[in-house]
Structure formats: structure tokens, C-alpha cells
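To start, the structure under review is shown below, and the notes come after it.
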Amino acid sequence: KNQVEQSPQSLIILEGKNCTLQCNYTVSPFSNLRWYKQDTGRGPVSLTIMTFSENTKSNGRYTATLDADTKQSSLHITASQLSDSASYICVVSPMYSGGGADGLTFGKGTHLIIQP
Amino acid sequence: GAGVSQSPSNKVTEKGKDVELRCDPISGHTALYWYRQSLGQGLEFLIYFQGNSAPDKSGLPSDRFSAERTGGSVSTLTIQRTQQEDSAVYLCASSPLRGDNQPQHFGDGTRLSIL
């Protein structure tokens, strides 16, 4: 069964500090890996999408990395701000030959709290 | 509004009642997804619509769940004879097409509570 495991489950850091969130997956072969930010009470918002051939992608203070050999991805947040407090969800899309199946596998997320 | 709109934002109902959840996708988006998010769990795929193709219903947990998409736009998710385990946030997402690298745009969900 395809799985996406995220760590840590939760994290508390001080405003201005950096942090790194981890995502390990077993989906293989895969097409792309996505990171989403979900604020409390809101829907997820896409941060980055990386294909299997990319190993890094940035979106402002967010930088995602991907190691397809070890099936690991990380999301690095630089100079954290209070507004970064949210859940961060890793999503892996499998490679498949066709059909209508969605197949996206979602991690349970890392709950990040930024303290002033 | 340019985003995905879901209604109602909150729904409280008694066990055994039927509920209907609505999703208005972004105009022009041909792909529409429904997910369920339970407390502490990852998003669970329910159903996927792509244009005029037959929907992928492989994620629907039981025959009490059904969904329609009229005119390739608005979608409704119906849960019949609700059970307490149906309590969750139901999220709708749309994307321009089902392409592998297309980001999904999510609504803010309907928080369903079954008493």
C-alpha cells in the first residue's frame, strides 16, 4: 500500500528561527510530490510541486527538496513568521498509465506552531 | 470570488438524516475532487470528476455516499442516513485538468457534525 509518512507530528519554534519538516514515502513510481499549507479552519494551499526529476523548488521562504533515490522530501522554512503556524501536508502522486483514478496519497501533516 | 466555494461551512445534523454538501469549483476547471479529513488523519479521497468522463467513485466509503456534478461545474456530495463516523471536514478541490503537475485548489470545507 502506498504510504506517506511525515515527521515530526508537531513542532514548536520561536519566531525568526528556521525549521525543516520531513516526508518519507513508498509511492513508486511516482509522478510528483507536493507540499501544502493548511491554516486552521481553511483548505490546503499549494506551496510547491516537484516532479520526480527535480530536486529542489522554492516559494519565497519555503524551500522543498526531493531525493527520489531515498524517497525522502523536506520542506525548509526560513526566518519563520507567526503566519507560518499551520499544518504542512506532503502529497505524492503516483505514475500510472491512465484511467480516472486519483491516486494521490496524503500524509497526516506536521502541525507547526510559531511562538513570538 | 475566484476560489473554490463550499457550502454550508458548518452542518450539524442528527444521526440518520440525509445531508447535501455543495461545491462551486473555479470557473473553467474541468477536474473536481471530494476529500474527507477526519481529526488527526490525512485527507481521504472520495470521488473525482473529470469533464464528461465517468467519475472515479473508488474512494466512496459506502453506498450511503453519492456525488453529482451538473453541467461540468457545481457538484453536490450527498450522505444518506448519516452515522456518527461520518463526522469530518469534507473538502472539495478543483484543477484546470487532471494533468499530473496541476495544483489542486481547495475550498475551505464543510465541517459536518453528526449528533
Within a Gaussian network of chain A (alpha carbon springs, distance under 10 Å), most fluctuating of A:Asn55, A:Asn24, A:Asn32: A:Asn55
About the Cα centre, charge dipole magnitude for the protein assembly as shown (Lys/Arg +1, Asp/Glu -1 at Cβ), debye: 160 debye
Qualifying GluC sites (Glu not before Pro) for region B:12-115 [loop in DSSP, other Cβ within 10 Å: at most 15]: B:Glu14
Net charge contributed by nearby residues that have their C-beta within less than 14 Å of B:Thr70 (K/R +1, D/E -1): -1
Within chain B, longest stretch free of exposed trypsin sites (Lys or Arg not before Pro) [DSSP loop, at most 16 other beta carbons within 10 Å]: B:18-56
Local electrostatic count at B:Glu20 - Lys and Arg +1, Asp and Glu -1, tallied over other residues with Cβ under 12 Å: +1
Alpha carbon Rg of chain B, scaled by the compact-globule rule 2.2 N^0.38 Å: 1.00
Euclidean distance of C-alpha centroids, region A:1-43 and region B:36-115, integer Å: 22 Å
Alpha carbon Rg of the protein assembly as shown, scaled by the compact-globule rule 2.2 N^0.38 Å: 1.01
Cysteines having no other Cys beta carbon under 4.7 Å from their own, within the protein assembly as shown: A:Cys19
Rel. contact order, % - alpha carbon contacts under 8 angstrom, at least six apart, chain A: 37 percent
Antiparallel %, DSSP beta bridges [both residues in region A:7-78], to 5: 100 percent
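Bear in mind these aren't lab numbers, they're just calculated from the coordinates by the rules spelled out. Just so we're clear, the structure is a prediction, and the values are computed from it rather than from any experiment. Heads up, the Cβs are rebuilt from the backbone with ideal geometry, glycines too, and the neighbour counts pull from every protein chain shown.
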